[in-house]
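Below: the structure, in structure tokens.
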Amino acid sequence: MAAFEHGIKTSQAATSVSTPVVTASGIPFVVGTAPIHTVGGKTNEIILANNYSEAAAALGYSDDWDKYTLCEFMYSHFKLYNMGPVLFVNVLDPAENKKTVPAAQYSITDNIAKLPLDAIKSTVKVTSTAEGDVTYNADEDYTLYYSDDGLTLELLPKSSISGKEVYVAFDTVDTESVKVKDIIGGYDISSGKSTGLELVEYCFSKYLLIPDLILAPGYSSDSEVAAVMTAKAMSIDGIFEGHALIDADCSSVKNYSDVNEWKTTKSITSRNQIICWPMVTLGERKFHMSTHLAGVIAMTDSANDDCPSNSPSNKDAQIDGLCFADGTECSLNRTQANYLNSCGIVTCLNFVGGFKIWGNETACYPSNTDVKDYFTNVNRTFAWVAKNFILSFWNKIDGNITRRLIDSITDSFNIYLNGLTRSEKILGGRIEFTADDNAVTDLMGGKIKFKTYITPPSPAREIENEFEYDVSYLSDLWS
């Protein structure tokens, strides 16, 4: 029996129109090597960093970017573009990727001897001679710590080391032993763990972040790495789309006219790929262009309310030159840069206002001329809107198929699309549920299908103004 009530009472019902989830874009997932031995970092674990300090604390830092490729990206993305977050995966394992350095003599100055940064602290052995006549003890005779310029050996006050030289043997990390297969990674049945690029599948479950830019600076020019990056970008966690940012090989391809041949030979022709050439410089530093493209994309998206509908092309890049892998300067004029763009290759151009990213096309161009595929910003907007739809209505999965469920989805998403239209993120959009798309047998089987139409704006790739001499204005001379 219902309770007796005399008076007024209220209650709340769920809103029939739900608020769509709006996710961030331009989030990089970067695989490479880092000096984790200097900070006790992790191998083949997803590391989330929102700024440089977090990245350096978790992965270590070195200016030797040829050895430690993740350091290039953390320097560029955090220091030059001030963007975040970034999802890093270090594949360098100091326990496996190492080599032994025999004892050598090191000078002691002001109670300090300098060892290389590559030295693994736990393997250091200090002796009086190369033969090891007297072995000195850590924390009694000396202490070890990493600094910006290497591993420092400092004598303690009561040290038994009295001379000006010691002999030191140690193991060093061996980044050259990191191979393509380590970057690609996979799933180990025995351990039940994933490694390398395979870890992109776990970013959302671990951090509730969905990366849409996949990078491996220093390794992406390898065709096998590029292929796996692309496969992951096409289906992140099985349902999301992103883009693989790939660098053409700047050690072998040194003429702009040869880049397209390299691209087609390596089968880099997907809408989920953005290919870059050549490398870039800032001062004495040398970067892979994909690193800077990721920074410009993130910066452009952030300025557009985390929506990727604006093209990164003709946006400022924090560089001062172009180069090849050996550091040799590369010169590129507008005509040459446009030729690269016509082949679906992104570059940088110094024409008006300093160096800028130059190129709107994904790698599928010119073989694929579907606008939703070949314009980078249009293609990324389709993927972003689809991602927002998935996350917004995931909670509807396994709900009863009723008119209320269908109206809730269509009404909510149309409101979202109208908002994107008003803010000019898209030119227009709508979602529909029709009988033609939903057979009775499908509905009986628990399947409902919606169809969404959107029109992201194309970039103004070409602006033309025709000038003509008007004779009639000569009459002003007699007026």
Using Cβ contacts closer than 10 Å as the measure, can you line up Ile184, Ile246, Ile27 from fewest to most? Ile184, Ile27, Ile246
Which whole-number value in Å³ per residue fits the convex hull of the alpha carbons of the stretch 98-173? 78
Of all the C-alpha pairs in the stretch 281-346, what % are more than 14 Å from each other? 65
Long-range tail of P(r) for the stretch 401-479 (Cα pairs > 22 Å, %): 55
Dipole magnitude of the stretch 98-173 about its Cα centre (Cβ charges: Lys, Arg +1; Asp, Glu -1), debye to nearest 20: 160
Show the residues, 5+ positions off or on another chain, whose built amide H is closer than 5 Å to the amide H of Glu45. Asn90
Please rank Glu284, Glu72, Glu261, fewest neighbouring Cβ atoms within 10 Å first, as an exposure proxy. Glu284, Glu261, Glu72
Roughly how many Å is it from the Cα centre of the stretch 205-248 to that of the stretch 445-479, as a whole number? 35
Asp320 long-range amide H proximity, modeled H, under 5 Å: Thr281, Leu282, Gly283
Summed side-chain charge close to Leu293 - residues other than Leu293 whose Cβ falls under 12 Å, Lys, Arg +1, Asp, Glu -1: +1
For the stretch 98-173, compute the number of Lys pairs whose alpha carbons are separated by less than 20 Å, excluding pairs fewer than 8 positions apart on the same chain. 11
antiparallel share of DSSP beta bridges within the stretch 9-150, to nearest 5, in %, is 60
Quick check: net charge around Ser76, other residues with Cβ under 12 Å of its Cβ, Lys/Arg +1 and Asp/Glu -1? +2
Which of [x] 100, 60, 43; [y] 102, 88, 47; [z] 69, 54, 44 is the computed Cα extents along the principal axes in Å for the structure on display? [y]
MRE, 222 nm, helices only [DSSP H, n ≥ 4, -39500 (n - 2.57), over the chain, to nearest 500]: -7000 deg cm²/dmol
Tabulate in residue order the Karplus-calculated ³J(HN,Hα) for the stretch 161-174, using 6.51 cos²θ - 1.76 cosθ + 1.60 with θ = phi - 60°, rounded to whole Hz; enter x for Gly and Pro. 7, 10, x, 9, 9, 9, 10, 10, 10, 6, 9, 10, 5, 10
Quantify how much of the Cα-Cα distance distribution of the stretch 74-210 extends past 17 Å, in percent. 69
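Rule-based calculations on the coordinates, nothing more; no lab input. What you see is a predicted model, and the numbers here were worked out from it, not measured in a lab. All Cβ positions, glycine included, derive from the backbone under ideal geometry; neighbour counts span all protein chains shown.
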